[in-house]
Amino acid sequence: MTRAELDAALARLGLNVPEKEREELVGGVAYIEKMAELVKKSRWVGAEPAHTVAFPEGK
Amino acid sequence: MVLDFLTIAEAAKLIETKELSPVELTESRLARIEQLDGQLHSFIRVLPDAALAAARAAESEIVAGRYKGPLHGIPIGLKDIYETKAIPTTGHSKVMQDHVPTADAFTVAKLKNAGAVVMGKLATHEFAFGGPSFDLPWPPARNPWDTTRFTGGSSSGTGASVAAGLVLCGTGSDTGGSIRGPAAYCGLAGIKPTYGLCSRAGILPLAFSLDHAGPMAWTAEDCAIMLQAMAGHDPADPASADKPIPDFRKALSGDVKGLRIGLIRHFYTTDNEANAATRDAIDAAAKKYEEMGAAVREITLSPLAEWAACGVLIMMTEAYAIHEPNLRTRFTDFGEIFRDRMALAGLWTAADYVQAVRRRRELIDELDRAMANLDMVMTAAAPTEAPKIDQVPKFAIMDRPSLTMPFNVTGSPAMSVCCGFTEAGLPLSFQIVGRRFADATVLRAADAYERATPWRARRPVL
């Protein structure tokens, strides 16, 4: 992500990030992108998330 | 009588037999806080009047023959995300520094009902996430083993105050390791109970689906005593489990014969490589368990980075959602570490979050399969001893994969246990993990190890 792309993303989020912190955030974006890749797996279309509600039996 | 480093179990015995007064114990802890906390910064609010009133009430009850049990008259501290009626609960943040709750958290009420004496509110990383920070209304806590060192976080004040003997135990919370990390760096015992065992109601959230409340103390036995008081069903917490609570202390038999332990070595030898002192200490602990009659065998799971990515992505996106309104309007009222981590969290998409939660189900299944023929797994709690407090990177939680996060992802009971010291005298630790709701087994294994090793006899010199 370039600095211009980050500025645009922060503007869309409505976050007023001080100028001096933005360069560090550009460096941190790599972590975010890597983690997003790590949780993407080739999985069956019906693979459920962990939060699927299971109602207690009898309720 | 020297009161500085009594465990709960030791103090309770003296209190029950009326050899020690809760008032005397409380006064001695207040004096020690006064003497030492100027260098430790473990408290952000000391409550001497309320503590002494509670201690006097406890003493009257005990004298009248109404002894409640091992927490009666015991001085404790509360991480400042646990809400306390009429006492500010700030999350160690300017954003909530004027927040005065109208009720105690469920777990605080339970601890008080058990007779505990609340000494004050303890430092935390901002909203249990961003730290160590030097730009908040209160300074970060310091490690009693070396005050230039990090306590770990986010239950930083609890780690420091218990290790220094300012209180006998304290509450922590753990979303990615915030009980086990400071327990490891400060040389304590700290258990993240099974998700749902302790109510989260009345505790400022970091990430709803990963937050756990739990005890931190000097020994596994003390954690068992405290967990007994904290655990229990609470309808106000939608994740609260409605299950019978076992007698945790009664489970501490000292015996681990026949226990089957899986050692996840690759987590700390390749995935997040620990230093030699840590690796050696964990290997020695595994050998000790074998000598005590447990069967230890090495197991392999998915790479640690995958577990950490799943947990960190869920944690940070849930936290972003919670704090979004204030981030948009009061961004610079948050500390720089918290707000910049949150700014990165805002860059993930809704699809990223759903993929992480799908990955979470797969990882839960994976650990369940791996533990089908095991009672526990064991790995590192931290890759090194406590680092210097001014050398913790802003994005540390994303830089190296967390060794504790996998068991927030799975909701398993997981505990830090001290397993030695570096040459410089800093604590080392390992982590043991049980099946969900087998918290008593984890405590039993930790207690047995503590009894068989000399590490609990050593305390920081301040």
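The values are calculated or read from the model by the stated rules, or taken from the named source; none is laboratory data. What you are looking at is a predicted structure, and each value in this text was computed from that prediction instead of being measured. A quick note on method: Cβ atoms are made from the backbone with ideal geometry, for glycine too, and the neighbour counts reach across all protein chains shown.
Within region B:279-298, which residues are surrounded by 15 or more Cβ atoms within 10 Å (Cβ to Cβ) and over 16 Å from residue B:453 (Cα atoms)? Within region B:279-298, B:279, B:295, B:296 meet the criteria. The condition of being modelled with pLDDT of 95 or more and more than 20 Å from the chain's Cα centre (by Cα) holds for only one of B:141, B:103, that being B:103. Just name the residue that is farthest from residue B:191 (Cα to Cα) out of those in region B:384-407 that are away from chain A (no Cβ under 12 Å) and of a type in the set (S, T, N, Q). Result: B:391. Region B:318-431 holds helices (runs of 4 or more DSSP H) entirely within its bounds, and those carrying 2 or more residues that are among the charged types (D, E, K, R) and on the phi < 0 side of the Ramachandran plot map to B:336-345, B:350-370.
The set of residues in region B:144-164 that are crowded, with 24+ Cβ neighbours inside 10 Å and over 13 Å from the mean Cα position of the chain (by Cα) comprises B:144, B:145, B:150, B:164. Only one of the numbered conditions (1) of a type outside the set (D, E, K, R); (2) touching a helix residue (DSSP H, G or I) at 6+ places or on another chain (Cβ under 9 Å); (3) within 12 Å of chain A (Cβ to nearest Cβ) is violated by residue B:354, and that is (2). When the residues of region B:391-445 are filtered to those that are polar (S, T, N, Q) and under 24 Å from residue B:291 (Cα atoms), which remaining residue is farthest from the chain's Cα centre (by Cα)? Taking the candidates together, the pick is B:422. Applying the condition of being surrounded by fewer than 23 Cβ atoms within 10 Å (Cβ to Cβ) and farther than 14 Å from residue A:10 by Cα to region B:333-348 and asking which residue is nearest to the other protein chains (Cβ to nearest Cβ) yields B:336. Of all residues in region B:168-185, those that are over 14 Å from residue B:213 (Cα atoms) and in contact (Cβ under 8 Å) with a residue 24 or more places away in the chain have Cβ atoms under 8 Å from Cβ atoms of residues that are surrounded by fewer than 24 Cβ atoms within 10 Å (Cβ to Cβ) and polar (S, T, N, Q), 6 or more apart or on another chain, in B:168/B:7. Considering only residues that are in a helix (DSSP H, G or I) and touching a Phe, Trp or Tyr at 6+ places or on another chain (Cβ under 8 Å), look in region B:444-462 and name the one that is surrounded by the most Cβ atoms within 10 Å (Cβ to Cβ). The qualifying residue surrounded by the most Cβ atoms within 10 Å (Cβ to Cβ) is B:445. The test for being within 9 Å of another protein chain (Cβ to nearest Cβ), within 19 Å of residue B:397 (Cα to Cα) and in contact (Cβ under 8 Å) with a residue 40 or more places away in the chain holds for residue B:309. Considering region A:41-51, the residues that are facing chain B (nearest Cβ under 8 Å) and either on the phi > 0 side of the Ramachandran plot or aliphatic (A, V, I, L, M) (or both) include one that is nearest to the chain's Cα centre (by Cα), namely A:50.
Residues in region B:372-390 that are closer than 16 Å to residue B:408 by Cβ and out of contact with any helix residue (DSSP H, G or I) (no Cβ under 6 Å at 6 or more places or on another chain): B:377 alone. Picking from residues in region A:1-40 that are surrounded by 12 or more Cβ atoms within 10 Å (Cβ to Cβ) and outside any helix (DSSP H, G or I), the one that is farthest from the other protein chains (Cβ to nearest Cβ) is A:1.
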